[in-house]
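Report on one structure; see the data block that follows.
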Amino acid sequence: MSRPVVTVTVPASSANLGPGFDALGLALAWHDEVTVAVVDEPGVAVDVVGEGAATLPRDASHLVVRALTAGFAAFGTAPPGLAVRCVNRIPQSRGLGSSAAAVLAGVLAAGALAGGTAPGSADALAVAADLEGHPDNVAAALFGGLTVAWAEGGAGRAVRLEPAEELAATVFVPDRALDTVTARGLLPSTVPHADAAHAAGRAALAVAALTTRPDLLLAATEDRLHQDYRAPAMRESAALVARLRDVGVAAVVSGAGPTVLALSAGPLPDVTAELVEPARGGWSVRPVAVDRRGAVVAVGSAA
């Protein structure tokens, strides 16, 4: 008898986008692919190709498997066994939503295996955001485009907005990782009221800049809530953000870092080599299109 097979393709994402801390997210066309097959043998077998292949676990502690387990519990099914294959392209622990992509892939696969179709977006978002801890990256990866996420009644929620057609992104990925827990641990428990007011205004402006007024991106991405506090853990990234902004490029730390994201109306001016060189360590510079589709679920079968 045939057994169901689900393949989920999930984009990278960049959260915060400067002042939109834990709220704004942008999907980027840099994709992980997870295939999950139901098998007769009990337990789970995990294969990992690409990013993290040498370090990620191959058992039930793998994040995709944990998300599958959470999804099965939420959607009411328990397959006898699973074979999981992860083709990872999104850099790990760099602030590009690799963990959100893994969580979302597992939740969507579990929902599809439970009911033959992908779960509703609200259900998938709620389960994935609960496991991830916050909805910003998950929402962007799920819906594509630009998302505004929040928590209501303990559940993650989000709305999708269409980014400006000419919006372009360039990522500057360093060769070292930064744990999100470490980055969050540097944040203060309170901030000055003036900084909070500044963030509210710039986050609102960022929504306008990212959707209809990309000429305002530089002003709209100015942040006082998190980047300066995290700078001691990623000094090269902070310095690169400052250098890019000094020449008029709307640069921010991507998520919790240490990747730097530059946003522009059209291709980024050719200033990257001169500005990246002073940073210690290796950097990979990559233009990335905005992903406007979000996660894609394909359901099939195998003998």
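Taking segment 84-137 on its own, how many of its residues are of a type in the set (S, T, N, Q) and under 20 Å from residue 45 (Cβ atoms)? Step through it out loud before you land on a result.
Filtering segment 84-137 for residues of a type in the set (S, T, N, Q) gives 88, 92-93, 98-99, 117, 121, 137.
Narrowing the set further to residues that are under 20 Å from residue 45 (Cβ atoms) leaves 88.
Of the residues in segment 84-137, 1 are of a type in the set (S, T, N, Q) and under 20 Å from residue 45 (Cβ atoms).
Keeping to segment 265-303, report how many residues are modelled with pLDDT of 95 or more and among the small types (Gly, Ala, Ser).
3
For segment 228-264, name all the residues that are surrounded by fewer than 21 Cβ atoms within 10 Å (Cβ to Cβ), within 16 Å of residue 20 (Cα to Cα) and in contact (Cβ under 8 Å) with a residue 40 or more places away in the chain.
Result: 229, single match.
Give the number of residues within segment 140-186 that are out of contact with any strand residue (DSSP E or B) (no Cβ under 9 Å at 6 or more places or on another chain), assigned to a strand (DSSP E or B) and hydroxyl-bearing (Ser, Thr, Tyr).
Of the residues in segment 140-186, 0 are out of contact with any strand residue (DSSP E or B) (no Cβ under 9 Å at 6 or more places or on another chain), assigned to a strand (DSSP E or B) and hydroxyl-bearing (Ser, Thr, Tyr).
Criterion first (surrounded by 14 or more Cβ atoms within 10 Å (Cβ to Cβ), closer than 20 Å to residue 251 by Cα, touching a residue at least 40 places away in the same chain (Cβ under 8 Å) and touching a Phe, Trp or Tyr at 6+ places or on another chain (Cβ under 9 Å)) does residue 207 satisfy it?
Answer is no for this residue.
On the given criteria, is residue 223 touching a residue at least 40 places away in the same chain (Cβ under 8 Å), assigned to a loop (DSSP other than H, G, I, E, B) and among the charged types (D, E, K, R)?
Working: touching a residue at least 40 places away in the same chain (Cβ under 8 Å): yes; assigned to a loop (DSSP other than H, G, I, E, B): yes; among the charged types (D, E, K, R): yes.
Against the criterion (touching a residue at least 40 places away in the same chain (Cβ under 8 Å), assigned to a loop (DSSP other than H, G, I, E, B) and among the charged types (D, E, K, R)), residue 223 qualifies.
Looking at segment 58-66, can you tell me whether even one residue there is at pLDDT 95 or above, under 23 Å from residue 284 (Cβ atoms), outside any loop (DSSP other than H, G, I, E, B) and of a type outside the set (A, V, I, L, M)?
The answer is no; no qualifying residue exists.
Please work out which residue is nearest to residue 128 (Cα to Cα), limiting yourself to segment 34-57 and to residues that are in a strand (DSSP E or B) and either among the aromatic types (Phe, Trp, Tyr) or touching a helix residue (DSSP H, G or I) at 6+ places or on another chain (Cβ under 8 Å) (or both). Give the steps one after another, and end with the answer.
At the first step, the residues of segment 34-57 found to be in a strand (DSSP E or B) are 34-39, 43-50.
After this cut, where a residue has to be either among the aromatic types (Phe, Trp, Tyr) or touching a helix residue (DSSP H, G or I) at 6+ places or on another chain (Cβ under 8 Å) (or both) as well, the list is 34, 36, 38, 44, 46.
Values: 34: 15, 36: 17, 38: 21, 44: 20, 46: 20 Å.
For segment 34-57, the residue satisfying everything is 34.
Quick one: is residue 131 within 21 Å of residue 94 (Cβ to Cβ) and within 15 Å of the chain's Cα centre (by Cα)?
On the way: within 21 Å of residue 94 (Cβ to Cβ): yes; within 15 Å of the chain's Cα centre (by Cα): yes.
Judged against the criteria, residue 131 is a match.
Check whether at least one residue in segment 24-36 is closer than 30 Å to residue 217 by Cβ, among the small types (Gly, Ala, Ser) and buried (at least 18 other Cβ atoms within 10 Å of the Cβ), and report yes or no.
So in segment 24-36, the residues closer than 30 Å to residue 217 by Cβ come out as 24-32.
Keeping just the survivors that are among the small types (Gly, Ala, Ser) gives 25, 27, 29.
With the extra rule that they be buried (at least 18 other Cβ atoms within 10 Å of the Cβ), the set shrinks to 25, 27.
Looking for residues that are closer than 30 Å to residue 217 by Cβ, among the small types (Gly, Ala, Ser) and buried (at least 18 other Cβ atoms within 10 Å of the Cβ), one finds at least one in segment 24-36, hence yes.
Based on what the data block shows, is residue 52 surrounded by fewer than 24 Cβ atoms within 10 Å (Cβ to Cβ) and on the phi > 0 side of the Ramachandran plot? Even if it seems obvious, please write down each step before you answer.
Values: surrounded by fewer than 24 Cβ atoms within 10 Å (Cβ to Cβ): yes; on the phi > 0 side of the Ramachandran plot: yes.
So residue 52 passes the test.
Could you list, in sequence order, the residues of segment 71-93 that are crowded, with 18+ Cβ neighbours inside 10 Å and in a loop (DSSP other than H, G, I, E, B)?
Within segment 71-93, 79, 90, 91, 93 meet the criteria.
The values are calculated or read from the model by the stated rules, or taken from the named source; none is laboratory data. Everything numeric here is computed off the predicted structure, so don't read it as measured data. Positions of Cβ are generated from backbone atoms using ideal geometry, with glycine treated the same way; all protein chains shown enter the neighbour counts.
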